[in-house]
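Below: one structure, written as structure tokens.
The values are calculated or read from the model by the stated rules, or taken from the named source; none is laboratory data. Quantities reported herein were computed from a predicted structural model and do not represent experimental measurements. Ideal geometry is used to build each Cβ from the backbone, glycine not excepted, and the neighbour counts take in all protein chains shown. Accessible surface areas use protein heavy atoms only, side chains included; no ligands, DNA or RNA. Shrake-Rupley method; radii C 1.70, N 1.55, O 1.52, S 1.80 Å.
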Amino acid sequence: MNFPTKKTQTSNFINKANLGMQLEEEINATNLYYLTKDLAVIYKKPTPVQIVKVDYPMRSKAVITEAYYKTPSTTDYNGIYKGYYIDFEAKENHNKTAFPLANIHPHQYKHLLNIYEHGGIGFIIIAWNHYSENYLLPIKALEKFWHRMENDGRKSITYLEIKENSLLIKEGYNPRLDYLKAVDYYLDSNPELIKKTI
């Protein structure tokens, strides 16, 4: 049997195209791994929805035909790790050179800042699809870029700024996206976050 000797571009294209769409799936699988190994308890937050209209095409099957969000959702995930409350948002970035701050809603930014100010750990996981890289951007690092935008400055964070102010999340087999290693490094580098014990 003859095998082709030339590499095709198709498989690379498919992998890159699926990276961003898989971010939530990878985080969910990672969180399940953490829970199974008794490392952390972190869940995806449900989005509060108000159901307005339900149709019953069959007696046993109800179909929701109209609904709306009750309140703006805060962030995607929250939970507990090593006694710390963790809260974070997961974002995909399809841009090559910068991460647009418009991807983060003002109420999400304020929520994560409140988490930090009350002793929790708030951050954003950014899947930078063009480079097949994932970053953990702590809320205090995001704060300076947010202030820059509010003062009529740049409305995005450059790729270089992300690399300099974030922690690269290493990909693996199991867990797929081991972001808690980045959280550990962040905790070791920020002694002011050490828990107060009663």
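Within region 134-155, is even one residue at pLDDT below 95, open to solvent by less than 40 Å² (accessible area, probe 1.4 Å) and among the aromatic types (Phe, Trp, Tyr)?
Within region 134-155, not a single residue is at pLDDT below 95, open to solvent by less than 40 Å² (accessible area, probe 1.4 Å) and among the aromatic types (Phe, Trp, Tyr).
Any idea which of 147, 130 is under 16 Å from residue 91 (Cα atoms) and in a helix (DSSP H, G or I)?
The unique qualifying residue is 130.
Could you tell me which numbered condition residue 20 fails, if it satisfies all but one of (1) modelled with pLDDT of 70 or more; (2) open to solvent by less than 100 Å² (accessible area, probe 1.4 Å); (3) not in a loop (DSSP other than H, G, I, E, B)?
The number of the failed condition is (1).
Going through region 111-124 one residue at a time, which ones are within 16 Å of the chain's Cα centre (by Cα) and either buried (at least 24 other Cβ atoms within 10 Å of the Cβ) or free of Cβ contacts under 8 Å to residues at least 24 places away in the same chain (or both)?
112, 122, 123, 124
Identify all residues within region 160-188 that are over 17 Å from the mean Cα position of the chain (by Cα) and part of a helix (DSSP H, G or I); write none if there are none.
Across region 160-188, the qualifying residues are 160, 161, 164, 185, 187, 188.
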